[in-house]
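Have a look at the structure below, then the notes.
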Amino acid sequence: MLIISILAFLLLSLLPGDPAMIIAGDQASPAAIEQVRRQLGLDRSFLEQLGIWLFNLARGNFGSSLILNQSVLSAVGERLPVTLSLAALSIGFTIPVGVFLGSLAAYFRRTWIDSAVMTVALLGVSIPAFWIAILGVILFSVQLGWVPSSGFAPISQGVGRWFASMALPALILSLFQIGFLARMTRSAMLDVLSQDYIRTARAKGLSEWRTVGKHALRNALILIITATGILLSAAIGGSVIIEQVFALPGIGRMVVQAIMARDYPLVQGTMLILGFTFVMINLIVDILYTLADPRVRHD
């Protein structure tokens, strides 16, 4: 987290342009620009600015947004449910479809089913998300009118309205994830299906459903859990593009607006909070290892 906080501060300082001039406006006088620079602490040296930034973080002070007139924590708190809803729903689409397709391809390896599933997975990984998002809006919103083209309905207004506003963005966001998870699941299942205990289970007369679904898939869960953790982090990061296309008031769209406006406190605070989220996701994945595989607990 310390490294993330330093990098967040360092990367923003490397952006071209004078943030004081951008914030003050094109018509601002040199005196007004200098006043903004002093208010932001930009007249201090880099090490002084970094020290103040870290000292405020240690006190739990993430600063205040320059464009939203509210604290960074408040701004993130208002928009975090939108991004988490998008990421969670996309993972909800991804896990059952990706695991099923990967297991299907592994079971029917070197057949046309395997080739078809891997081709679809490759397309899902390769096609740009913003292009598919635009096509999705044209087809499902403009032409068919099944879902709204933009906006977000909170779940407090009804599960149906919430799902209608999030279904298409989440589905498009999950296309890459499904392709990635299907390929990872296939690789893990191929390794497990070649093990001796799978041949023993079949020799004992166990059904293919029980052999593959219970014994093989459970032993492949370690790699699948790892891939799911990676995809959840990627879903939160990838929401930037989707939120822009569908005008969703989430963290990704807010960060883009903050970068364009050179709102340093908002960008830095959001990057740090997202970094903490990724660290927690990795920690949860490590804990799930022990639940999925008893051998991890013994090790």
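Read-outs throughout are calculated quantities, based only on the coordinates presented, and are distinct from any laboratory measurement. What you see is a predicted model, and the numbers here were worked out from it, not measured in a lab. Because the Cβ atoms are built from the backbone with ideal geometry, glycine has one as well, and the counts that use them run over all protein chains shown.
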*For Arg44, put the label point 7 Å out on the Cα→Cβ axis and report which residues of the range 266-280 keep their amide N under 14 Å from it.*
none
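Run the numbers for Arg218 and Val142: contour at 0.36 nm per residue of separation, minus the present Cα-Cα distance, in nm. Present the calculation step by step, with values, prior to reporting the outcome.
Details: separation 76, 0.36 × 76 = 27.36 nm, distance 4.30 nm.
Full-extension gain reported as 23.1 nm.
Taking the Cβ of each residue in Ser187, Ser85, Ser29 as the centre, tally the other Cβ atoms inside 10 Å and list the residues starting with the fewest. Walk me through the numbers on the way to the answer.
Working: Ser187 16, Ser85 22, Ser29 9.
Exposure proxy ranking, most exposed first: Ser29, Ser187, Ser85.
For the chain, calculate the relative contact order in percent as a whole number, restricting contacts to Cα pairs under 8 Å that are 6 or more residues apart. Numbers along the way, then the final one.
Working: 332 pairs, mean separation 81.0, N = 299.
Normalised by residue count, the contact order of the chain is 27 percent.
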*State the extension gain, in nm to one decimal, for the chain segment bounded by Ile284 and Glu34, taking 0.36 nm per residue of separation less the distance between their alpha-carbons.*
85.3 nm
*Looking at the square roots a ≥ b ≥ c of the eigenvalues of the Cα gyration tensor of the range 20-172, which shape do they give, rounded for a/c under 1.5, prolate if a/b is larger than b/c, or oblate?*
prolate
*Using only the alpha carbons, work out the radius of gyration and Dmax of the chain in angstrom.*
23.8, 86
*Name the long-range amide H neighbours of Ser71: under 5 Å, sequence gap of 5 or more, or other chain; modelled H, no Pro or chain starts.*
Ser65
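Classify the range 159-206 from the C-alpha gyration tensor, please: rounded if a/c falls under 1.5, else prolate or oblate depending on whether a/b exceeds b/c. Don't skip to the answer; put the middle values down first.
Values: a/c = 8.19, a/b = 2.64, b/c = 3.10.
Since a/c reaches 1.5 but b/c is at least a/b, the shape of the range 159-206 is classed as oblate.
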_Tilt relative to the chain, helix 221-246 - C-alpha long axis, 0 to 90 degrees, to 10_ = 40 degrees
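Hey, what number do you get for the chain at 222 nm if only DSSP H runs of n ≥ 4 count, each worth -39500 (n - 2.57), divided across all residues, to the nearest 500?
On the way: 13 runs with 214 residues, N = 299.
It lands at -24000 deg cm²/dmol.
Determine the shape class of the range 49-92: with a ≥ b ≥ c the square roots of the Cα gyration tensor eigenvalues, call it rounded for a/c under 1.5, and otherwise prolate if a/b is greater than b/c, oblate otherwise.
Values: a/c = 3.64, a/b = 2.08, b/c = 1.75.
Judged from the Cα gyration tensor, the range 49-92 comes out prolate (a/c at least 1.5, a/b above b/c).
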*Relative to the longest principal axis of the chain, what angle (0 to 90°, nearest 10) does the C-alpha long axis of helix 264-292 take?*
20 degrees
*Using a basic spin-label model with each label point 7 Å from the Cα along Cα→Cβ, how many nm lie between Ile67 and Val97?*
3.2 nm
